[in-house]
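Student: My questions all concern the structure below.
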Amino acid sequence: VSEINKNKIFQFIEDLFPLCRSITGSATRKTLKYIQDYVPIELFSVPSGMQVFDWTVPEEWNISDAFIKDMDGNKIVDFNENNLHVLNYSRSIHETMRLEKLKKHIYTMPEHPEWIPYRTSYYEKNWGFCMRHSNFEQLNEGEYEVKIDSNLESGKLNYGELYIDGESEQEVLFSTYICHPSMCNDNLTGPAILTFLAKNLLEKDELKYNYRFLFIPETIGAITWLSQNEDKIDNIKGGLVATCLGDEGDFTYKKTRSGESYIDKVSLKTLKDLNFDYEVMDFFPWGSDERQYSSPAFQLDMGSIMKTPYGQFPEYHTSADNLEFISSDSLYSSLEAYLKFVKILENDKFLINTNPKCEPNLGDRGLYDKIGAAKDSNKQKHAIFWLLNLSDGSNSLLDIAMLADMDFEYICETAKVLAGKGLLSAKE
Ligand SMILES: [Zn+2]
């Protein structure tokens, strides 16, 4: 990853930041089209009213303007200043009303009086405004002109999908959501990292696994995708849900449902080998779309490599989760983690010791010559011993790297040397 890419990831988020996304609507389509400028995702849509498992695809929501004006004509709240000001999925309204009535439709955050909270009402018809508590407190008794120019009618739910073909039958799933309005860590960092990861994978000549990338509205999108693609589930080895990847906090790994899946091993080794500080969270059945993918009928091993998780930073779901809250350095380290995750997946394999009766004579094979500077010689010797001892067909290179407590890449390099001498061969 070059320095140029580092700024490009941030640019991606900056470009998409102003759009008032939701689980449906034109801003969400624009977001998907924007991603197509980078990678050739295929766009899909399903109609409002369609039944997807226990859910119904909602009506499509679009909004052009919203405000609250006092009787002097001053805009107290203006959608054009920040799209979080409107309760996402608000029905339209144009009415003059007393403060008493208006208050019932206003949401604020007294604990952070300068932040605008993010609220939604997808499945219950409602209207509302979200305000800075400091402004709310200054509202005088009297009448206000309230207008929300939105449109809720039968339309479509859109999502994007990219499939990259590899050699094996098995596929790895990367999923992120595209439904939040102007907020960064949750959620534009997820689409940004997956877009640049996909771009990188598309440039590779060959891949072991197939990779599927989903850019979907959270919850209803995952439910919709699963309902349309049940035949694909059996081939999915597992994967990651990408969210909260741009703040300055340490990494967090949220484990898969089983807690001891292959995806967990790869993820934890990824963070360890990159020398990142990280915390580990056991699986819990809320959060993001991992809860749909790992529901009882599917049980996909979906983990989540994140920075500070949703709900654990005060700026979460507020106007303070903005472009200042994330950094290009943090985004860059997240992309590094996702690239490393793929690198381990792609290079992990089972090898067999071809000379399993005691140790082979390493000196005769010139292997001690391969051992370079004296300070490294013990390390390489140990790597050789670990590989020869454990390559009985039941341990993969990743298992060996973990047991040896050595970098996965170092174990791979040493395995190549041993394979070159005929001491390791591919497991049939
Ligand atoms: Zn969220």
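Student: Keeping to segment 193-215, report how many residues are in a strand (DSSP E or B) and within 16 Å of Glu171 (Cα to Cα).
Tutor: 5
Student: Out of curiosity, is Trp55 surrounded by fewer than 20 Cβ atoms within 10 Å (Cβ to Cβ) and of a type outside the set (D, E, K, R)? Before you say what the answer is, go through the steps one by one.
Tutor: Details: surrounded by fewer than 20 Cβ atoms within 10 Å (Cβ to Cβ): yes; of a type outside the set (D, E, K, R): yes.
Considered against the rule, which asks whether it is surrounded by fewer than 20 Cβ atoms within 10 Å (Cβ to Cβ) and of a type outside the set (D, E, K, R), Trp55 comes out as yes.
Student: OK, next. Under the condition of being surrounded by 17 or more Cβ atoms within 10 Å (Cβ to Cβ) and not aliphatic (A, V, I, L, M), which residue from segment 108-121 is nearest to the ligand (Cβ to nearest atom)?
Tutor: Narrowing segment 108-121 to residues surrounded by 17 or more Cβ atoms within 10 Å (Cβ to Cβ): 108-109, 112, 115-120.
Restricting the remaining residues to those that are not aliphatic (A, V, I, L, M) gives 108, 112, 115, 117-120.
Working: Thr108: 19, His112: 17, Trp115: 15, Pro117: 12, Tyr118: 8, Arg119: 11, Thr120: 9 Å.
Applying the filter and picking the extreme gives Tyr118.
Student: How do the helices (runs of 4 or more DSSP H) wholly within segment 300-415 filter down when requiring 2 or more residues that are free of Cβ contacts under 8 Å to residues at least 24 places away in the same chain: which remain?
Tutor: 367-370, 374-390, 397-404
Student: Does Ile13 count as modelled with pLDDT of 95 or more, in a strand (DSSP E or B) and surrounded by 18 or more Cβ atoms within 10 Å (Cβ to Cβ)?
Tutor: Working: modelled with pLDDT of 95 or more: yes; in a strand (DSSP E or B): no; surrounded by 18 or more Cβ atoms within 10 Å (Cβ to Cβ): yes.
Judged against the criteria, Ile13 is not a match.
Student: Somewhere in segment 93-114, is a residue within 30 Å of the chain's Cα centre (by Cα) and without any contact (Cβ under 8 Å) to a residue 12 or more places away in the chain?
Tutor: Yes - at least one qualifying residue is present in segment 93-114.
Student: Right, here's the next one. Determine which member of the set Lys147, Lys125 is surrounded by fewer than 19 Cβ atoms within 10 Å (Cβ to Cβ), over 19 Å from Met71 (Cα atoms) and more than 16 Å from the ligand (Cβ to nearest atom).
Tutor: Every option except Lys125 fails the conditions.
Student: Considering only residues of segment 290-316 that are more than 16 Å from the ligand (Cβ to nearest atom) and within 14 Å of Tyr253 (Cβ to Cβ), which is nearest to the chain's Cα centre (by Cα)?
Tutor: If we filter segment 290-316 for residues that are more than 16 Å from the ligand (Cβ to nearest atom), which is where we start, we get 293-303, 305.
Cutting the leftovers down to within 14 Å of Tyr253 (Cβ to Cβ) gives us 301-303, 305.
Values: Asp301: 15, Met302: 11, Gly303: 10, Ile305: 8 Å.
My answer is Ile305.
Student: Confirm whether Leu99 is touching a strand residue (DSSP E or B) at 6+ places or on another chain (Cβ under 6 Å), among the aliphatic types (A, V, I, L, M) and surrounded by 14 or more Cβ atoms within 10 Å (Cβ to Cβ).
Tutor: Against the criterion (touching a strand residue (DSSP E or B) at 6+ places or on another chain (Cβ under 6 Å), among the aliphatic types (A, V, I, L, M) and surrounded by 14 or more Cβ atoms within 10 Å (Cβ to Cβ)), Leu99 does not qualify.
Student: Which numbered condition trips up Gly287, out of (1) more than 16 Å from the ligand (Cβ to nearest atom); (2) assigned to a loop (DSSP other than H, G, I, E, B); (3) in contact with a Lys or Arg (Cβ under 8 Å, 6 or more places away or on another chain)?
Tutor: Among (1) more than 16 Å from the ligand (Cβ to nearest atom); (2) assigned to a loop (DSSP other than H, G, I, E, B); (3) in contact with a Lys or Arg (Cβ under 8 Å, 6 or more places away or on another chain), the lone unmet condition for Gly287 is (1).
Student: Within the group Leu102, Leu84, which residue is outside any loop (DSSP other than H, G, I, E, B), within 16 Å of the ligand (Cβ to nearest atom) and modelled with pLDDT of 95 or more? Before you say what the answer is, go through the steps one by one.
Tutor: Values: Leu102 fails: within 16 Å of the ligand (Cβ to nearest atom).
When all the criteria are applied, what remains is Leu84.
Student: Report yes if some residue within segment 165-188 is buried (at least 17 other Cβ atoms within 10 Å of the Cβ), over 25 Å from Thr224 (Cβ atoms), away from the ligand (no atom under 16 Å from the Cβ) and β-branched (Val, Ile, Thr); otherwise report no.
Tutor: No; the residues of segment 165-188 include none that is buried (at least 17 other Cβ atoms within 10 Å of the Cβ), over 25 Å from Thr224 (Cβ atoms), away from the ligand (no atom under 16 Å from the Cβ) and β-branched (Val, Ile, Thr).
Student: Can we say Leu157 is within 23 Å of Val57 (Cβ to Cβ) and either within 16 Å of the ligand (Cβ to nearest atom) or outside any loop (DSSP other than H, G, I, E, B) (or both)?
Tutor: When the stated conditions are applied, Leu157 passes them.
Student: Are any residues in segment 33-45 surrounded by fewer than 20 Cβ atoms within 10 Å (Cβ to Cβ) and either touching a residue at least 60 places away in the same chain (Cβ under 8 Å) or of a type in the set (Lys, Arg) (or both), and if so, which ones? Explain how you work it out, then say what you get.
Tutor: Residues of segment 33-45 that are surrounded by fewer than 20 Cβ atoms within 10 Å (Cβ to Cβ), as a first pass: 33-34, 36-38, 40, 42-45.
Hits for segment 33-45 are Lys33, Gln36, Tyr38, Pro40, Glu42, Leu43, Phe44, Ser45.
Student: Same structure, new question: Pick out the one residue from Ser319, Ser330, Ser258 that is surrounded by 15 or more Cβ atoms within 10 Å (Cβ to Cβ), over 19 Å from Trp225 (Cβ atoms), away from the ligand (no atom under 16 Å from the Cβ) and small (Gly, Ala, Ser). Lay out the reasoning, then the answer.
Tutor: Working: Ser319 fails: away from the ligand (no atom under 16 Å from the Cβ); Ser258 fails: surrounded by 15 or more Cβ atoms within 10 Å (Cβ to Cβ).
After applying the criteria, what remains is Ser330.
Student: Could you check segment 216-282 for strands (runs of 3 or more DSSP E) lying wholly inside it with 2 or more residues that are of a type in the set (Phe, Trp, Tyr)?
Tutor: Ranges flagged: 251-254.
Student: Within the set of pairs 6+ apart or on separate chains, which have a first residue in segment 130-148 that is at positive phi, a second that is outside any helix (DSSP H, G or I) and basic (Lys, Arg), and C-beta atoms under 9 Å apart?
Tutor: Taking only residues 6 or more apart or on different chains, the pairs are Gly142/Arg98.
Student: Out of everything in segment 57-79 that is out of contact with any Gly (no Cβ under 9 Å at 6 or more places or on another chain) and assigned to a loop (DSSP other than H, G, I, E, B), what residue ends up being nearest to Glu124 (Cα to Cα)? Outline the logic, then answer.
Tutor: Of segment 57-79, the ones out of contact with any Gly (no Cβ under 9 Å at 6 or more places or on another chain) are 64-69, 72-79.
Among the residues that remain, those that are also assigned to a loop (DSSP other than H, G, I, E, B) are: 72-74, 79.
Values: Asp72: 33, Gly73: 31, Asn74: 30, Phe79: 21 Å.
If we take residues in segment 57-79 being out of contact with any Gly (no Cβ under 9 Å at 6 or more places or on another chain) and assigned to a loop (DSSP other than H, G, I, E, B), then Phe79 is nearest to Glu124 (Cα to Cα).
Student: Go through segment 226-246 and count every residue that is surrounded by 24 or more Cβ atoms within 10 Å (Cβ to Cβ) and out of contact with any helix residue (DSSP H, G or I) (no Cβ under 6 Å at 6 or more places or on another chain).
Tutor: So the count comes out to 2.
The values are calculated or read from the model by the stated rules, or taken from the named source; none is laboratory data. What you see is a predicted model; the values in this text were computed from it and never measured. Here Cβ is always computed from backbone atoms with ideal geometry, including for glycine, and neighbour counts include all displayed protein chains.
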